[in-house]
Amino acid sequence: RYAALRRAIEDLLCQGRASGVFRYDVDPAIECDTLSALFDGLAVAALAEPERFPPGRLEQLIDRQIERLFPPTVTGRRVRRARTKRTR
């Protein structure tokens, strides 16, 4: 299951790079490993220190890493993905 999840993440990263959603210099394999390690580390941190890592904080940290994959805009600000309203 873990390998299948990594493959799915890497495929999404490849598609995002090919379509121009992500920067052209994104290496899908490296970013996949980075995101997988981040997810694992945050899961452990949330169990060890739930008051420091509530769900909203976890989402913020993951969003921050993913936002680095987007190309900069003309104004120099990163493109933010549309967020859906969800409970935290």
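The values are calculated or read from the model by the stated rules, or taken from the named source; none is laboratory data. Every value quoted in this text rests on a predicted model; they were computed, and no experiment measured them. Quick reminder, even Gly has a Cβ in these numbers, built from the backbone with ideal geometry, and neighbours come from all protein chains shown. These accessible areas exclude ligands, DNA and RNA; they are computed on the full protein's heavy atoms, side chains included. Shrake-Rupley method; radii C 1.70, N 1.55, O 1.52, S 1.80 Å.
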Practice problem: Could you please give the count of residues in segment 20-61 that are part of a loop (DSSP other than H, G, I, E, B) and under 19 Å from Ala4 (Cα atoms)? | Solution: 1
Quiz item: Which of the residues that make up segment 16-71 are among the acidic types (Asp, Glu) and either open to solvent by 40 Å² or more (accessible area, probe 1.4 Å) or touching a Leu at 6+ places or on another chain (Cβ under 9 Å) (or both)?
Solution: Asp25, Asp27, Glu31, Asp33, Asp40, Glu49, Glu51
